[in-house]
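Worksheet: one structure, shown below.
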Amino acid sequence: MSKLKVQNLKEKTRLDKFLTNSLKQNRSYIDKLFDQQLIFVNDVLAFKKGQLIDNGSIIEIKESDKPTSAKLISSKAKIEIVFEDKDVIVVNKPKHMLVHPTTFNEQDTVVNVLLKKIKVSDFDDKLRPGVLHRLDRDTSGLLIFAKNKKAYDNLSKQIKLKHIIRKYLAIVHNDFKDKFLLIKAPIDRSTQNELRMVVSDSAKAKLAQTEVTILENYPSAALVECFLLTGRTHQIRVHMAYIHHPIYNDELYGTYDGYKNYGQFLHAYFLSFVHPTTKEVMTFKSEPDKTFQGLKLELRGDK
């Protein structure tokens, strides 16, 4: 169940419009929530999509009792395969693509696209076979998948031992005085908005550490490299907002900066791991897309 507290509205707003903006989902997704009667406003079931809500309202989204399909559907959506052999696949995930199926999006995820390449029967979780780590829907970049159980067990152990190296590029607000930062700030789910994670000293908060290297300083902005020492949900986005350097166009943790239907300027550009069979150190790099590069040039004053 997700719970949202309505705040900072300038005027009463339609419930469906508010949910579309807050959940960062399309209208079809919101319509399904209404159809399954999963939306409650101040503990009352919401039937009308056009119901007006105001500041102070509490919106709850119940979990569906309709599970995701027991059988995955193969997808013909396009995704760049950076490397593939009999054990692993490394892909360059585009923005706006989920890593694995959810209740309301069972097709065109990365798992659906790779379905015919992975030995699904090897995995207990038939809906997320081979998934070792994730990227947010609007975060692009490198992901590794295991094609069989033996490779999965080996790579999972590497993740636990912090032997797999993942680095990200982000364009953030405000420039820096230092060249390097180590952010140590535990993370928990927000009690005000369950879609958000927050830095917290609560007993349930989990240790979170991010190394930040400043690559380029601009007037009131910067290009940074983030190295995850832990892997919490939204960790980089939360940590950068916490130190007052929110990621550009990150509406959940910062502000909308005019890049419609783009999402946050965050890209997983570096991935390194030991091959589970050959024991060779595998290293991959990926460049951000044209929009990311364009903003970088604009902030430099080269555009």
Residues with amide H under 5 Å from that of Glu216, placed H, sequence gap 5 or more: Leu223
Choice from Ile79, Ile243, Ile144 with maximal GNM fluctuation in the chain (Cα, 10 Å cutoff): Ile243
Solvent exposure ordering (accessible area, 1.4 Å, most first) of Arg189, Arg166: Arg189, Arg166
Relative contact order (percent, whole number), the chain, Cα cutoff 8 Å, 6+ residue spacing: 15
Fluctuation leader among Val44, Val274, Val120 - the chain, Gaussian network, Cα springs under 10 angstrom: Val44
Options (i) 20.2, 61; (ii) 21.7, 67; (iii) 22.8, 73 - which one matches Rg and Dmax of the Cα atoms in Å as calculated here: (i)
Solvent-accessible area of His245 with every protein chain in place, 1.4 Å probe, in Å² to the nearest 10: 20
Accessible area expressed per residue, the stretch 198-271, with surrounding protein chains retained (probe 1.4 Å, Å²): 43
Residue pairs, from the table Lys95/Lys260; Lys86/Lys157; Lys93/Lys260; Lys119/Lys206; Lys184/Lys279, whose Cα atoms sit over 23 Å apart: Lys119/Lys206; Lys184/Lys279
Candidates Gln36, Gln107, Gln264: whichever shows maximal mean-square fluctuation once the chain is modelled as a Gaussian network with Cα springs under 10 Å: Gln36
Contact order relative to length of the stretch 88-244, as percent, for alpha carbon pairs under 8 angstrom and 6 or more apart: 19
Mean separation of Cα contacts under 8 Å (6+ apart) over length of the stretch 151-303, as relative contact order %: 26
Cα centre as origin, Lys/Arg/Asp/Glu Cβ charges: the stretch 98-228 dipole, Debye: 660
Of all accessible heavy-atom area on the stretch 168-303, the percent that carbon and sulfur account for (1.4 Å): 49
Amide hydrogen neighbours beyond the local backbone of Ser190, cut-off 5 Å, H modeled: Arg196, Met197, Val198
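The values are calculated or read from the model by the stated rules, or taken from the named source; none is laboratory data. None of the values given here were measured: they were computed from a predicted structure. When we count neighbours, we look across all protein chains shown, and the Cβ atoms used for this are built from the backbone with ideal geometry, even at glycine. Ligands, DNA and RNA are stripped out before the accessible areas are found, and what is left, the full protein with its side chains, is counted by its heavy atoms. Shrake-Rupley method; radii C 1.70, N 1.55, O 1.52, S 1.80 Å.
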